[in-house]
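Worksheet: the structure to be examined is printed underneath.
The values are calculated or read from the model by the stated rules, or taken from the named source; none is laboratory data. Predicted model, so just to flag it, every value in this text is computed and none were measured. When we count neighbours, we look across all protein chains shown, and the Cβ atoms used for this are built from the backbone with ideal geometry, even at glycine.
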Amino acid sequence: MSPWFFPRIGDIPGNLFRTGVQVLFAERKVHDIIVIGAGPAGSSAAWTAADGGFKVALIDPQPPRRRRPQCGEVISRRALEYSGLEEEGIVVHEMDLYRIISPSGDMLSVRYPALSIDRSRFEEELIKRSIDLGADMRYGEAVNQAKFSRSHWVLRTRRGEYRTRSVILASGAVSPLNRLLGLGSNLELMMGLGARITGRDTGKHMDFFVSADMEGGYGWHFPRGHETNIGVCSRGNIRFLLNRLIRHLKISGSDLRSFFGGPIPDGGPINPLVGHCCVAVGDAGGFCHPVSKGGVYCSMISGVEAAKAIMSQLSGDEYALVRFDKDIREHPAFSISNIRWRDMLSSLPDGALDTITGITQGRDFLQMGRKGLMLGAIRHPELLSYLKEAGPLFSGGFRWLDYTF
């Protein structure tokens, strides 16, 4: 038989022929952008790029309903407005006050509208918008290999191979893909551990419990109307700290319905943040607010801005990702001053925390103003060293508070 003989199509078994055709077209198809991870960062990047007319695929191992939340499921009203989603089906409870409680039980407050949300529904709606705008959603696949070949990235999952001109990485805080894509993996992490509490809770304030042994983190108590989320984030022993919070709040073991948690990046954007036709966003890029540890709003911002930069690069602007790297690090949500705020606040001993909350006596510290806070603090010599450190930080104002949740 001649080596140049080819069988007729009719001689090829149907299933083998279909598989061959699928492989052939998969090899030929090259996406403009593949987004790895369908959380708030990845889905925000996907819908932004799809809305811009680019060929986008969104890959994630699990649909939102199978993922346990790693956070207290709270965002600001500003963050919901930024998402462009409607409240119905997403918001489960409204609040209007943050209360920061020191070890003595004194507190300072911040008047700020916040929302407890159904995190899974929130992510589902972001993903749905991506699909409606033309993004190709692939659930049940985890990218385990990545290699740049000629003019595109080759990504492999156990189901097959994808080719793309660029990659947006949104796969979370702990992922081997940072290294495979040539991006930084130098994330500063703390851990979060939370619990859902049964019973109706219609309070209008979110409580944050601070102490020196939280090591820069805090405990939280967030009402959700039909239930409550509590938890801790810290570099210390989070099991011990959560048990202490449970005792402090006098919560019965029978009221603990479920637990959740995971790593929280709080050291600012990674370095390098961009690579060859790729960029990291969300937790993968370190986009979590350093002071509050809030990640949803920051993740969405990073995803949208990264998608815009990638689109510009694909359209011929070779410096688009370089500008993105510079501009995003100067954004009020991610600037180095937030890291300095984090470090200064983390250094406060319990006595200083008690003194600060005693000065405000529960009043809204934003309404007191910088002058009122400084005048109150000057009367306490034990705070002088911290005032010297905090003085330059106050000069930047409190705009960073707009992005805490």
When only residues in segment 295-309 that are buried (at least 23 other Cβ atoms within 10 Å of the Cβ) and in contact with a Ser or Thr (Cβ under 6 Å, 6 or more places away or on another chain) count, which is farthest from ILE339 (Cα to Cα)?
ALA307
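So which of ARG129, ARG111 ends up being among the charged types (D, E, K, R) and part of a strand (DSSP E or B)?
On the way: ARG129 fails: part of a strand (DSSP E or B).
The unique qualifying residue is ARG111.
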Expected single match for closer than 30 Å to PRO381 by Cβ and out of contact with any helix residue (DSSP H, G or I) (no Cβ under 9 Å at 6 or more places or on another chain) among ARG257, ARG342 is ARG342
Out of curiosity, is ARG163 at pLDDT below 95, assigned to a strand (DSSP E or B) and among the charged types (D, E, K, R)?
no
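For segment 189-286, list the strands (runs of 3 or more DSSP E) that sit wholly inside it and hold at least 3 residues that are among the aromatic types (Phe, Trp, Tyr) and modelled with pLDDT of 95 or more; which are they?
Values: elements: 189-201, 205-209, 218-223, 225-234, 256-265, 278-280.
Qualifying strands (runs of 3 or more DSSP E): 218-223.
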Unmet criterion (only one of (1) part of a helix (DSSP H, G or I); (2) at pLDDT 95 or above) for TRP341:
(2)
Qualifying position, being out of contact with any helix residue (DSSP H, G or I) (no Cβ under 6 Å at 6 or more places or on another chain), among the charged types (D, E, K, R), in contact (Cβ under 8 Å) with a residue 40 or more places away in the chain and crowded, with 20+ Cβ neighbours inside 10 Å, among ARG119, ARG138, ARG163:
ARG119
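Within segment 205-213, is there a residue that is among the polar types (S, T, N, Q), crowded, with 20+ Cβ neighbours inside 10 Å and at negative phi? Break it down stepwise before answering.
If we filter segment 205-213 for residues that are among the polar types (S, T, N, Q), which is where we start, we get 211.
Narrowing further to those that are crowded, with 20+ Cβ neighbours inside 10 Å: 211.
In the following step, the residues that additionally are at negative phi were identified as 211.
So far as segment 205-213 goes, yes, one or more of its residues are among the polar types (S, T, N, Q), crowded, with 20+ Cβ neighbours inside 10 Å and at negative phi.
Taking the stated definitions as given, is SER292 out of contact with any Lys or Arg (no Cβ under 7 Å at 6 or more places or on another chain), polar (S, T, N, Q) and not in a loop (DSSP other than H, G, I, E, B)?
On the way: out of contact with any Lys or Arg (no Cβ under 7 Å at 6 or more places or on another chain): yes; polar (S, T, N, Q): yes; not in a loop (DSSP other than H, G, I, E, B): no.
When the stated conditions are applied, SER292 does not pass them.
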